[in-house]
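The structure appears right after this line, and notes come after that.
The values are calculated or read from the model by the stated rules, or taken from the named source; none is laboratory data. Note that this is a predicted model, so its numbers are computed, not measured. Here the Cβ positions follow ideal geometry from the backbone for every residue, glycine too, while neighbour counts run over all protein chains shown.
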Amino acid sequence: MATHVIMPKVDMDQETGTIVEWTRKNGDAVEKGEIIIIIETDKVAIDIESPATGILQGIRAEPAEIVPIGETIAYILEPGEQLPNEPESQDHDVSDSSQPAAVEPAINAIDVDATPVAHNIAKFHAMELSTIVGTGPQDRITKRDVQAALATKSSQVSEPERVYATPSAKRIARERGLNLNSIMGSGPGSRIQAADVLRVKESLVDVSPASSDGAKVVPLEGIRRTIAERMMVSYQSTPHITFTVKVDMSRFNEVRKQFNTKAEGSNQHKISATALLIKAVAWALKRHPYLNSSFQDDRIHLFSEINIGVAVALENGLIVPVVHNAIQKGIGEIATELNDLVIRARQGQLMPSDVSGGTFTISNLGPFGIEQFTAIINHPQAAILAVGVTQPEVVADSNEQIALRPIMRMTLSADHRVVDGAIVAFFINDLRHALEAPELLLW
Amino acid sequence: MTTREIRYLEAVREAMIQEMEQDETIFLIGEDIGAYGGAFQVTHGMMEKFGPERILDTPITEMGITGAAVGSAMLSMRPIAEIMFMDFVTLASEQLVNQAAKIRFMFGGNATVPMVLRTPAGSGVGGSAQHSQSLENWFVHIPGLKVVMPSTPYDAKGLLIASIRDDNPVVYVEHKLLYKMKGAVPEESYTIPLGSADVKREGRDLTIVATSIMVKRSLDAAEQLAAEGIEVEVIDPRTLKPLDTETIIQSVIKSGRLLIVHEAAKTGGFGSEICSVIAESEAFGYLDAPIVRLAGRDIPIPYNRNLEYHAVPQVEDIVEKACDLVKARI
């Protein structure tokens, strides 16, 4: 029997996936577990393994195509077998995937006491009956209970916004691949008219490669679109305040050197400056929980974990893998984990769990020679640390003598709704002290 | 072809005379059509020309007129029945709807009913509620009947000759206000095929589909709109059944906007049918505004001349609605 290769659900809030590349083609013999396709969610690119051994056939989605999860994208056939003849958009249980799919609730466990019609309605709407309180005899779940639960559910789910446009405007937008959501309507009640869509088309044409300055237009896709959207949200919704301090990295460098001598001797990973920085930041966050928080729904949520994300530059954007529970990890463990994350980030091998759950972010542009910069907060976190290059500078030492010291400038951007200047100052001074005297990390 | 300007009623008369001259099976039957020459003088002089055997004056009995027409048509005659006011097709409906429309089908084609029922519809002459109605859509709804509604002298002649020659019963709806309209009409006999619409004026901004007197009012409106830079396309279906949908669909695809104008009451009127044709067609995807119907108010036509005037669409109403549509105000 033909095995369906479906667009897998690899992330909790994922609805679609983009085909990046088929690593095998139609007619290829594939082994179960062999990588046959690379897909991309809005967070990561991920390799997908063949769910069966057989012949790959009937590839239905081309690279760059966006496919809803659960949709069949190809088949694995047994030798001599024909492609099944089915409608294009047949849904399959997402848990069929050989990939680490999010755990879906088991629907309608038989031991739940419910009326047949309640079972049917719940099944149709994919509702879990065990979450519904029954009001019938012996607490049996009735049709009314399911309908009430459905009504609550639907009132929680926000309806996708409908576009108010004339049929003509919709047709033109569809033909030209334009998104009506971004078009202002000039008709009654702001209805989008055909002319409004045509105007957009004209303005796009103005900056196309055909224009005299030869500008190239790059469509916003995948990770680039995600970055664009999230940066815009953060910058527009969060009042940023920024603070810069100068840090003498002499002791930091000495300690790191000692660690690395030790690591080399025991064949362990070298301790990168970023790894040690993570350790220090986690230590400071533990003392200042408001910097490890999130402003959401008019409330400040103080995170219980300290999960530190590190921005890693990629060819087409950047990604922020997360070192989870940094406060509980030793420096060697952090260094090993970070090393693995960065390598996998550059290879596009990160899993969704590697990039989720961050509570604070570090962006280190020191290796690029940047002295000082400010970063946009990684929404919905409350703060981000922008780390500059460490380089020798002439300073006055504690004896007011001119000295040459390795100096690093770091800038913290914080959400002013959550913290005021003084709180940030306390945090950043504690962090500076820890970097200037790493033994404080034992405190 | 030699053409000259004649009136709409003269074009109707000429069509009948020319057909009667070359086909002896054709005869007229109706009230006051002989000696009196017709309530609107359409058959004036025909009694003298063809005699009382072929121009039959009847008592006031619409059912009798129509029943005689149906029966004689089944027996190889080609009758032209006149109902003096369309309002009284109510009395003729049994013969028209239950007999004329059904016979060819029920007898497997062994009998045909090649008759024409001519009748003037419409308000505007102070005829009040019982002498002013436009009831064409009743018959559009009856399979087996054809419905013709000429709006010009030229169309009146060509469509009537085609109707007379058609082997099916045809309801041929004239308009009282159009009888005196003058237009170029060829002297020779000619036909206009039933089921072909006519683009009376070309334009790119708005399609108006209008019937009967509303074609003339729409053309007058289009003239005024052109002065404002609005180019209106006016389409006259000419026959409501069979309907030339393709011409209308293509026009809406071109203009993206549709205004339907008829005199009959709006609710359940023929405009609903045109509207549905477009909604179901490929033209739907080209609509850039709601489809608008401009039609008679849902009231009996009043006797008072001012009220009568405002009971049905007038040129200024068409201009206003057309502007609203083209300027995206609705």
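What the table below lists for this structure:
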{"read-out": "Segment A:165-186, subset within 10 Å of chain B (Cβ to nearest Cβ) and among the hydroxyl-bearing types (Ser, Thr, Tyr), residue nearest to B:Pro290 (Cα to Cα)", "value": "A:Thr166"}
{"read-out": "Residue that is farthest from B:Ala162 (Cα to Cα) [pool: residues in segment B:1-21 that are part of a helix (DSSP H, G or I), among the charged types (D, E, K, R) and in contact (Cβ under 8 Å) with a residue 12 or more places away in the chain]", "value": "B:Glu10"}
{"read-out": "Residues of segment B:38-91 that turn out to be more than 23 Å from B:Thr25 (Cβ to Cβ) and of a type in the set (Gly, Ala, Ser), as a count", "value": "1"}
{"read-out": "Of all residues in segment B:223-249 being of a type in the set (A, V, I, L, M), closer than 20 Å to B:Asp324 by Cβ and within 21 Å of the chain's Cα centre (by Cα), the one that is nearest to the other protein chains (Cβ to nearest Cβ)", "value": "B:Ile235"}
{"read-out": "Any chance B:Thr112 is part of a strand (DSSP E or B), in the same structural domain as B:Glu14 (by TED's automatic domain parsing), modelled with pLDDT of 95 or more and not aliphatic (A, V, I, L, M)", "value": "no"}
{"read-out": "Only listed residue being part of a strand (DSSP E or B) and under 21 Å from the mean Cα position of the chain (by Cα), chosen from B:Thr90, B:Thr119", "value": "B:Thr119"}
{"read-out": "Members of segment B:170-185 that are over 19 Å from B:Met115 (Cα atoms) and surrounded by 15 or more Cβ atoms within 10 Å (Cβ to Cβ)", "value": "B:His175, B:Lys176, B:Leu177, B:Leu178, B:Tyr179, B:Met181, B:Gly183, B:Val185"}
{"read-out": "All helices (runs of 4 or more DSSP H) inside segment B:176-285 with 3 or more residues being in contact with a strand residue (DSSP E or B) (Cβ under 8 Å, 6 or more places away or on another chain) and closer than 30 Å to B:Ile17 by Cα", "value": "B:213-227"}
{"read-out": "Extreme residue, nearest to A:Ala169 (Cα to Cα), among residues of segment B:286-324 that are outside any loop (DSSP other than H, G, I, E, B) and within 11 Å of chain A (Cβ to nearest Cβ)", "value": "B:Tyr286"}
{"read-out": "The one condition in (1) in contact (Cβ under 8 Å) with a residue 40 or more places away in the chain; (2) under 25 Å from B:Met20 (Cα atoms); (3) not hydroxyl-bearing (Ser, Thr, Tyr) that B:Asp87 fails to fulfil", "value": "(2)"}
{"read-out": "Output for segment B:212-239, where each listed residue is of a type outside the set (Asp, Glu), surrounded by fewer than 24 Cβ atoms within 10 Å (Cβ to Cβ) and more than 18 Å from B:Gln314 (Cα to Cα)", "value": "B:Ala227, B:Gly229, B:Ile230"}
{"read-out": "B:Val234, sole failed condition from (1) touching a Gly at 6+ places or on another chain (Cβ under 6 Å); (2) free of Cβ contacts under 8 Å to residues at least 60 places away in the same chain", "value": "(1)"}
{"read-out": "Some residue of segment A:262-277 being crowded, with 20+ Cβ neighbours inside 10 Å, assigned to a loop (DSSP other than H, G, I, E, B) and hydrophobic (A, V, I, L, M, F, W, C)", "value": "yes"}
{"read-out": "Subset of segment B:250-276 [β-branched (Val, Ile, Thr) and either within 14 Å of another protein chain (Cβ to nearest Cβ) or in contact with a Gly (Cβ under 9 Å, 6 or more places away or on another chain) (or both)]", "value": "B:Val252, B:Ile253, B:Ile260, B:Val261"}
{"read-out": "B:Thr58 being among the β-branched types (Val, Ile, Thr) and in contact with a strand residue (DSSP E or B) (Cβ under 7 Å, 6 or more places away or on another chain)", "value": "yes"}
{"read-out": "Candidates B:Gly144, B:Gly122, B:Gly127, B:Gly158 - the one that is touching a residue at least 24 places away in the same chain (Cβ under 8 Å) and surrounded by 24 or more Cβ atoms within 10 Å (Cβ to Cβ)", "value": "B:Gly122"}
{"read-out": "Of all residues in segment A:46-83 being of a type in the set (A, V, I, L, M) and in contact with an Asp or Glu (Cβ under 9 Å, 6 or more places away or on another chain), the one that is farthest from A:Ala311 (Cα to Cα)", "value": "A:Ile55"}
{"read-out": "Selection count, segment A:356-372, where residues are surrounded by 20 or more Cβ atoms within 10 Å (Cβ to Cβ) and not small (Gly, Ala, Ser)", "value": "5"}
{"read-out": "Some residue of segment A:413-428 being within 16 Å of A:Ile308 (Cβ to Cβ), hydroxyl-bearing (Ser, Thr, Tyr), touching a residue at least 60 places away in the same chain (Cβ under 8 Å) and not in a loop (DSSP other than H, G, I, E, B)", "value": "yes"}
{"read-out": "Subset of segment A:187-203 (residues that are at pLDDT 85 or above and either under 21 Å from B:Lys254 (Cα atoms) or away from chain B (no Cβ under 13 Å) (or both))", "value": "A:Gly187, A:Arg191, A:Ile192, A:Gln193, A:Ala194, A:Ala195, A:Asp196, A:Val197, A:Leu198"}
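Table: residues versus (1) out of contact with any Leu (no Cβ under 7 Å at 6 or more places or on another chain); (2) assigned by TED's automatic domain parsing to the domain that holds A:Ala375; (3) at pLDDT below 90.
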residue: A:Val310; (1), (2), (3): no, yes, no
residue: A:Glu315; (1), (2), (3): yes, yes, yes
residue: A:Val323; (1), (2), (3): no, yes, no
residue: A:Glu337; (1), (2), (3): yes, yes, no
residue: A:Met351; (1), (2), (3): yes, yes, yes
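Conditions tested, residue by residue: (1) touching a helix residue (DSSP H, G or I) at 6+ places or on another chain (Cβ under 8 Å); (2) small (Gly, Ala, Ser).
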| residue | (1), (2) |
| --- | --- |
| B:Phe88 | yes, no |
| B:Leu91 | yes, no |
| B:Gln95 | yes, no |
| B:Ala100 | yes, yes |
| B:Ile103 | yes, no |
| B:Phe107 | no, no |
| B:Leu117 | yes, no |
| B:Val125 | yes, no |
| B:Trp138 | yes, no |
